[in-house]
1. Counting other Cβ atoms within 10 Å of each Cβ, which GluC sites (Glu not before Pro) in region 351-389 have at most 13 and sit in a DSSP loop?
2. For region 447-571, what Kirkwood radius comes out of the mean inverse Cα-Cα distance, in Å?
3. Considering only C-alpha atoms, what is the centroid distance from region 496-569 to region 85-129, in Å?
4. Could you tell me the center-to-center distance, by alpha carbons, between region 248-318 and region 328-402 in angstrom?
5. Can you give the convex hull volume of the alpha carbon atoms of region 290-368 per residue, in Å³?
6. Per the helix-only calculation at 222 nm, which mean residue ellipticity applies to the chain, given -39500 (n - 2.57) for every DSSP H run of n ≥ 4 and division by its residues, nearest 500 deg cm²/dmol?
7. Quick one: in region 50-208, what % of C-alpha pairs are over 19 Å apart?
8. Antiparallel DSSP bridges in the chain: what percent, to the nearest 5?
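FYI, it's all coordinate maths here, none of it is from the lab. All of these numbers come straight from a predicted model, not from anything done at the bench. Positions of Cβ are generated from backbone atoms using ideal geometry, with glycine treated the same way; all protein chains shown enter the neighbour counts.
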Amino acid sequence: MTQDTLNGPFRHRYLSHAALTRQLETWARDHPQLARLESLGTSPEGRELWVLTLGPEPDRQRPAVWVDGNMHGTELAGSSVALAVAEMVLALHLDPELLPGGWPEHQCRELREVLFYICPRLSPDGAEQVLRQGGFVRSAPRRTAGSPDRPRWRAENLEGDGRCRYLRRHDAAGDFVASPDHPGLMLPRRVEDPPPYWRLYPEGVIEHWDGETIPEPDWLADTPDFNRNFPWGWWPEPEQVGAGHYPGDAPETRAVIDFALAHPNLYAWLNLHTFGGVFIRPLVDAPDSRMDPQDLALYRQLAAWGQSLAGYPTVSSYEEFSYQPETPLHGDLIEFAYHQRGCVAQVCELWDLFQRLGLPRPERFIDHYTALDREQLERLAQWDRISNGQRLFGAWRPLTHPQLGEVEIGGLDANLGIWNPPPEILPSICDGLAVYWLQVASMMPRLVIEAVHCTPLAEGVHALDVTVANHGYLPSYGVQAARARPWNSGVEAEATTRGCRLHEPDRARRVLGHLDGWGRGLGDAAQMPWFQRSQGNSHQARVCWVILGEGEVTVRVASPRLGEVHRTIPIPGKSSTPGPN
Ligand SMILES: [Zn+2]
């Protein structure tokens with residue numbers, strides 16, 4: 001490591017694209033044997049979509065895990081956490097003593113075989129605008145092509161202070177009142193509240209202004225949402241806001257789809273968002289009763305680690321994270337990664353603000369986002385004053401707006417404290433998530449040639465028996481949801497000879513199929529003492545060739561997902577005494 005602790009700058013502040021690029025380039029330059037930097041493509045504003053591959057021999061196919069962050073522009077903390085995972089993987093290779101908590105040597109050794117693909121910022125254009133002027137950007141600061149020219153709010157920094165906050169305008173029918181105790185905090189108006197009343201708008205201007213119609217701000221309309229643009233369960237607008245015109249029509253999401261297709265070796269996928277402090281897992285479109293029980297057991301294991309290592313609960317997207325009950329989201333990334341690419345895939349909404357405010361967990365986690373009452377809103381403002389350096393709520397000042405005339409400007413800037421954790425809290429979030437993801441990466445399947453036996457059958461004739469096995473936690477097919485996909489084929493073995501020859505040359509290549517892993521997740525009856533049992537030896541497969549003559553045989557065992565292992569076995573001549581090899 002170039003530093004003696006895990007202390008990259010991304011743990012303490014939110015990096016610009018230039019600073020993020022410098023960090024990645026520094027790692028690739030300082031550790032060329034471990035880190036390779038590539039671009040998945042270029043954003044419409046010309047920024048690279050970086051992916052850092054970590055692990056020796058990056059082109060040697062083997063099980064891999066993925067982390068992406070910041071696919072929503074405002075959600076900068078995802079970039080920091082993705083970079084923290086990269087930093088911890090480098091420590092795993094260079095100085096495992098630095099890993100928090102003390103990791104067993106055998107686990108570190110196996111983890112060093114895993115490839116990590118780190119894509120810290122999927123929306124560099126969105127993040128750059130947020131860092132430059134604040135305000136909200138869903139995925140990218142651009143309009144969906146062909147969206148109508150209706151009046152809409154566009155964030156613009158009217159005071160030139162680099163932070164987009166709010167506008168408030170006096171109105172006898174206003175729906176907000178100012179908090180008497182917390183300057184800058186606006187409260188939903190109650191019938192008993194005395195005037196003055198206010199209407200709230202984002203700091204900015206109205207595009208396609210007709211001189212009188214003030215549109216309701218809609219931060220999600222007419223702009224791409226990368227997390228609604230993936231192929232699985234994709235629906236068009238208006239049924240799914242932000243969907244785009246077809247799956248992958250945003251260059252950023254298309255780049256991820258293409259990378260995933262080119263990397264069948266991916267087994268686990270972490271898609272980082274903010275905020276909430278919760279892991280979200282499939283299914284997105286159906287209740288848990290419709291999920292494969294084996295996959296559900298795997299996710300129970302992840303949930304246990306998520307709680308103990310990162311401090312966040314795990315919820316099903318369908319059960320607890322659909323904005324309307326029984327109205328699932330369409331075209332999201334983790335569903336693509338789970339159903340189509342066979343990954344243990346999940347979202348993490350970083351930053352447990354609700355927990356910090358001491359709010360009780362509602363029946364459905366998503367209700368946290370709409371449930372704050374007046375007392376709890378004031379608790380937020382109090383937390384901002386005591387623990388967040390008053391980054392959220394600012395004073396109001398008069399302003400003459402170019403379209404609305406006399407208004408006040410100020411109030412909430414949600415970027416540091418709501419949409420993202422305060423930078424002071426980032427180090428502990430980075431540690432928790434990076435350790436968690438290393439733990440998940442420890443589940444990778446591992447293809448081995450377990451045993452080779454060469455047995456004489458007759459003069460100049462040998463039987464070559466090869467046992468291959470999966471020594472890892474996950475099965476070779478990843479998750480059951482994608483087991484039947486044609487590309488998700490199992491293991492094959494092939495023998496090539498030198499000197500000697502095969503008795504049946506057209507059977508040089510054999511299909512061995514999938515190999516189970518030893519892991520069964522949590523909550524499987526087979527683990528309980530009343531019916532404790534193993535899955536037989538379904539982690540192994542055996543293949544036998546009959547060899548004629550003296551020479552050597554190279555056995556290659558491979559699958560598109562597990563990569564390849566091979567061994568060369570000498571086949572003895574007539575005079576030697578053959579035996580186990
Ligand atoms: Zn998000």
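1. On the way: sites: 363, 375, 378; in loops: 363.
The qualifying sites are 363.
2. Working: mean 1/r = 0.0628 Å⁻¹.
When all Cα pairs of region 447-571 are included, the Kirkwood radius is 15.9 Å.
3. Between the Cα centres of region 496-569 and region 85-129 lies a distance of 31 Å.
4. 19
5. Numbers: hull volume 8.6 nm³, N = 79.
For region 290-368, the hull spanned by Cα atoms encloses 109 Å³ per residue.
6. Values: 10 runs with 112 residues, N = 581.
-6000 deg cm²/dmol, from helical runs alone.
7. Values: 8760 of 12561 pairs.
Of all Cα-Cα pairs in region 50-208, 70 percent lie more than 19 Å apart.
8. Values: 78 of 101 bridges.
The antiparallel fraction comes to roughly 75 percent.
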